[in-house]
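Derivation of every value follows stated rules applied to the coordinates shown; laboratory data play no part. These figures come from a predicted structure and were not determined experimentally. Ideal geometry is used to build each Cβ from the backbone, glycine not excepted, and the neighbour counts take in all protein chains shown.
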Amino acid sequence: MNLILLGAQGSGKGTQSALLAQRFDLEPCASGDLLREAMAQGTPAGQQARPYYERGDLVPDELMVGMILERLKNLTDAHGIILDGFPRNHVQADVLDARLAEMGQAIARVIYLEVPRALLLERLSGRYICRAQGHVYNIKTNPPKTPGICDIDGSELYQRSDDTGEKIQHRLDIFFSETLQLTDYYARQGKLVTVDGTQSIADVNYAILVNLGAA
Ligand code: G5P
Ligand code: MG
């Protein structure tokens, strides 16, 4: 089973991706995590992506698509993938469909986490991420047991460089003007499932499982 998590910045893609990957033994593939890793390692792709990332703009398609196609090479019949943050526009969605078809694979379901803009802003300004593996916390709704330290691997928690006021607004503008159109694209394919993403993390997860026929 191959899944896509579609949703605005702060809708809970990363949070639900971790839960679903564990539940269904899927390979998590988060485009933002790939970029942050590449930037931290200073690879050529990371260096090219950095200015776009820091502005909150989409990284050019050819760069992003190249990184994702590389990851798809690990995909086998036995072990599906869960995509978080990719695709974000029609070019990316078309490339993904074409590549999967060449591999005799397809996307099974696209889960759209629907959350209103005001709540997204609140969530992102309270978000902290762990340095080692990107585990996600929220100072108000999902705090770590020890402030500043990841419960799971003990590494330091930090705020992302693109989680500041103006950049958050800019990223959300791009989502609502560009990426949201993909809900129509996948609805036409009969693959779209819309879930109310305003609930607790556990309730959102349960709603997804119900929609996948796995609850
Ligand atoms: P990213 O890294 O993909 P965004 O901006 O798309 O980043 P983001 O911000 O990572 O998405 P998310 O993963 O949807 O949001 O949200 P999350 O981290 O799980 O949760 C946010 C907060 O809400 C947390 O504090 C969490 O605890 C809380 N929370 C989560 N779920 C729930 C819930 O159900 N209930 C409650 N109450 N709270 C919850 O992309 C970064 C940049 O990389 C580039 C772009 O520059 C982009 O800006 N990029 C691409 N460029 C081109 N093409 C692509 N495909 C690209 N992908 C990335
Ligand atoms: Mg994320």
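If you take every residue apart from His135 with its C-beta less than 15 Å away from the C-beta of His135, what net charge results, scoring Lys and Arg +1 and Asp and Glu -1?
Value of the local net charge: 0.
Just tell me which aspartates and glutamates come within less than 13 Å, Cα to Cα, of Lys13; anything on the same chain fewer than 8 places away is out.
By straight Cα distance, Lys13 reaches Asp33, Asp84, Glu114, Asp196.
For the chain, calculate the relative contact order in percent as a whole number, restricting contacts to Cα pairs under 8 Å that are 6 or more residues apart.
29
Taking a point 7 angstrom from the Cα of Glu70 along the C-beta vector, which residues in the range 15-33 have backbone N less than 14 Å away?
30-33
Label points 7 Å out from Cα along the Cβ direction at Glu62 and Tyr206: separation in nm?
4.9
Lone cysteines in the chain, defined as no other cysteine's Cβ under 4.7 Å from theirs: which are they?
Here Cys29 come out as lacking a disulfide-compatible partner, given the Cβ-Cβ threshold of under 4.7 Å.
Taking 0.36 nm per intervening residue step and subtracting the Cα-Cα distance, what contour gain separates Glu114 from Arg23 on full extension?
Length gained between Glu114 and Arg23: 30.6 nm.
Give me the one-decimal nm value for the distance between modelled label points at Arg50 and Arg188, 7 Å along each residue's Cα-to-Cβ direction.
Result: 3.9 nm between the two label points.
Mind checking the full-extension length gain between Ser155 and Thr141? Use 0.36 nm per residue of separation minus the Cα-Cα distance, one decimal, nm.
The span from Ser155 to Thr141 would gain 3.1 nm if fully extended.
Report the chymotrypsin sites (Phe, Trp or Tyr not before Pro) located in the range 125-196 that are in a DSSP loop and have at most 14 other Cβ atoms inside 10 Å of their Cβ, or state none.
Within the range 125-196, no chymotrypsin sites (Phe, Trp or Tyr not before Pro) qualify (loop, at most 14 other Cβ atoms within 10 Å).
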